[in-house]
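Following: one structure in structure tokens, then a few remarks.
Here, each number is a calculation from the coordinates, and none is a lab measurement. Keep in mind that this is a model prediction, so the values were computed, not measured. Every residue, glycine among them, receives a Cβ derived from its backbone with ideal geometry; neighbour counts consider all protein chains shown.
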Amino acid sequence: MERNQEIGTLICEEKEILLGGYLFFFFHENLSSQKKCDFLNKISEKLELKGIQVFNQRAEILGQSKHRETFDLILTRALAKLPTLAELTIPLLNIGGVVITAKGEYPIKEIEDSNFITKMLGVSKNITENIKIPKFLPEDNFIIWEKTKISPREYPRRDGMPKKKPIVK
């Protein structure tokens, strides 16, 4: 990758980090979200990356702000069950944007439970990729959602609601 290349937007969301462009692993779990965001800002400056924004904000708030439907890529690890995760991330994506979530064991029930909300929010299908490399790490399953239409404006709902009352049918 060339220096000064524009790569997208980075999001620090409460306890987890959603990244567009680069994936950073934080081995020190006790780092605050703000420290992780500060680290990402420093890395962006050091690499002379243009067009990088780092957010330290709840997804429910970001999803109702001017940044709604502006992200190309959101990477997460299993921070919530898939219906909740869908409501928190899909409204942030622009059309053609992608959410990729590492979920560990194949989450068949969660995938079934998330089908309704993902379709409602503008995703046409769930894609699952089984990842077996590197061999020294446990097998993982990535759930991939590509947004194909605009999400209804009322999503995500207010703070805490996606987790307390996930939308499943």
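Side notes on the structure shown:
- Residues in segment 98-123 that are free of Cβ contacts under 8 Å to residues at least 40 places away in the same chain, surrounded by fewer than 17 Cβ atoms within 10 Å (Cβ to Cβ) and within 15 Å of THR148 (Cβ to Cβ): LYS119 alone.
- Restricting segment 144-169 to residues that are outside any loop (DSSP other than H, G, I, E, B) and touching a strand residue (DSSP E or B) at 6+ places or on another chain (Cβ under 6 Å) leaves a set whose member that is surrounded by the fewest Cβ atoms within 10 Å (Cβ to Cβ) is ILE144.
- Residues (in contact with a strand residue (DSSP E or B) (Cβ under 8 Å, 6 or more places away or on another chain) and not aliphatic (A, V, I, L, M)) located in segment 111-124: SER114, ASN115, THR118, GLY122, SER124
- For segment 28-61, the tally of residues that are assigned to a helix (DSSP H, G or I) and under 19 Å from GLU87 (Cβ atoms) stands at 3.
For every residue, the table says whether it meets (1) among the aliphatic types (A, V, I, L, M); (2) within 27 Å of GLY51 (Cα to Cα).
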{"residue": "GLU69", "(1), (2)": "no, yes"}
{"residue": "THR76", "(1), (2)": "no, yes"}
{"residue": "LEU85", "(1), (2)": "yes, yes"}
{"residue": "ILE95", "(1), (2)": "yes, yes"}
{"residue": "TYR106", "(1), (2)": "no, no"}
{"residue": "LEU121", "(1), (2)": "yes, yes"}
{"residue": "LYS169", "(1), (2)": "no, no"}
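- Within the set PRO152, PRO166, PRO162, the sole residue that is closer than 25 Å to ILE95 by Cβ and under 16 Å from the mean Cα position of the chain (by Cα) turns out to be PRO162.
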